[in-house]
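These notes concern the structure reproduced below.
What follows is calculated from the coordinates using simple rules that are stated; it is not laboratory data. In this text, all values refer to a predicted model and were calculated from it rather than measured experimentally. Heads up, the Cβs are rebuilt from the backbone with ideal geometry, glycines too, and the neighbour counts pull from every protein chain shown.
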Amino acid sequence: MSKKMINILAAVMAVAVAAMVWVQMITINKTSILQEKDFTFIINVVLNDVKETIEYEEWKLFYQPDVAYYSSGENTSSGISIYPNSDSGESLNNLGLSGELTISYSQKTFKASNGKTEVNNSYLDLDISSMRSAYKRESEKQSQLLRYQDFMQVRNNMKISDRVKSEYLKRVLELELRDRGILSQYKYCVKSTVGGKTEIVLGDPDYNPTKGTKEYKTPLFYDQASAKPNFLVVYFPDQHAEHIKAMSNVVLPSLILILIIIGIFVFTLQIILRQKKLSQIKNDFINNMTHELKTPISTISLASQMLKDNSLVHSTSTINHISGVIFDESKRLSSQVEKVLQMAVFNEGKLKLKFTAIDLNQIISQAASNFEIRLTNSNGTLETSILAENPVINGDEVHITNVIFNLLDNAEKYSKEIPKIEILTENKGSWVIVQIKDYGIGISKENLIQIFERFYRIPTGNVHNVKGFGLGLSYVKRIVEEHHGKIKVESTVGKGTKFRIYFPVIK
């Protein structure tokens, strides 16, 4: 897959994820608005029911003659005289007012069997009785209405704290909220507005809504003619937290799904990029392997042609030289092929290590002695410090030796003109440490985290200017891990690299 196609795929997936998140946010926002509207509707219904309950209790006072307010006769008059010198409870027909009541009516006539016209007086008696009943009912109705208006005018002039008790109001409010399924903590009060100034006249003493808190209110004992409008007000201190808790049933599943999709998207993108990188590394490996195998094959072929060429003088020294070249290049070719096969077998898990008690000091000394011969051609130096007092570990001698030679080989290849290498052994706690340090070109931080990957080779300008397949450090790390050890690396560009290998000692 080309880089352009990967970028297009990543862009499309990113847009799709962003669109999904946007749709989820809109859905959550609308759900939040609907829940807020539902809550507001329920609270308004509760407040309206509380108001009607309180006003109904006051209305019942008017129809209870044994109530002290109505029967005492004190402060029951608003100054309105319904009937002068009379009891307002009497109906009009019992007042005994002086005057006349004129009733006009039309006579009902009919013709008798003898042909004469006669008057039927029974209709007159019926009309007078009906008029008296209607007059009595209307009189009582108007008298009741006037008495109720007088009652309400007196009540409206009373203090709100006298009209309703705080304990009773709270009990009714709490019952109504509970019946509607509202169990959240709340604060309430009754506010009265006089002359444009609003004051709290009763309610919770700690009623103090913070900025941004929504208050729900309804008029209490509403009277357009009253100069003291009153409002029952409620707010919920934990409303925001309760709202978030209620929304969590919608938000959390959506959030989890979004995170899962984003995680899958990122993971998939990483796999694609890693596979592309691995493909590029394998291509470089094939190019390097071809070059590494082609060079000794070409040398062997050239030496063979020299032996076959009869025009050349085949002296003993010449034959020894050519045979030596063929032997060295064959050995080199065999070594390269062995490395590839060894890594293939190792990755398949078929490699079996032979663990025995081995002395790291001895292995390091022997490896350093053999490697010094290679450094003589480049005038390089190898300093050895054997300081480990307890160097015995449980390991495979062959593979541990290969690990040391791989690190020494890298130290030489990535050194400057004259290699300078230091090798050290020491004990630290329950570990024996092997340190190999060079003063070469160093490794950048970007490449440092990848040096243990298979086929990875540190770029040095030309892909072939440093020989190898990119398998050495991968092999080193795997062998160290198989010995239950660990490897650390420190490097500075232009100053060199230091590898430290930790092996558990045998106690």
Between the stretch 129-172 and the stretch 21-51, how many Å separate their Cα centres? 39
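Relative to the compact globular guide of 2.2 N^0.38 Å, what is the alpha carbon radius of gyration of the stretch 352-504, as a ratio?
Compared with the compact-globule rule of thumb, the stretch 352-504 sits at 1.00.
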Between K308 and K428, what is the label-to-label distance in nm when each label sits 7 Å out along the Cα-to-Cβ direction? 5.8
Would you mind classifying the stretch 405-458 by shape? Square roots of the alpha carbon gyration tensor eigenvalues, ordered a ≥ b ≥ c; an a/c under 1.5 is rounded, otherwise it is prolate if a/b is larger than b/c and oblate if not. oblate
Between S385 and K276, how high is the FRET efficiency from 1/(1 + (r/R0)^6) when r is the Cβ-Cβ distance and R₀ = 51 Å? Nearest 0.05. 0.70
Links exceeding 25 Å between C-alpha atoms in this model, out of K37/K217; K420/K488; K136/K159, come to K136/K159
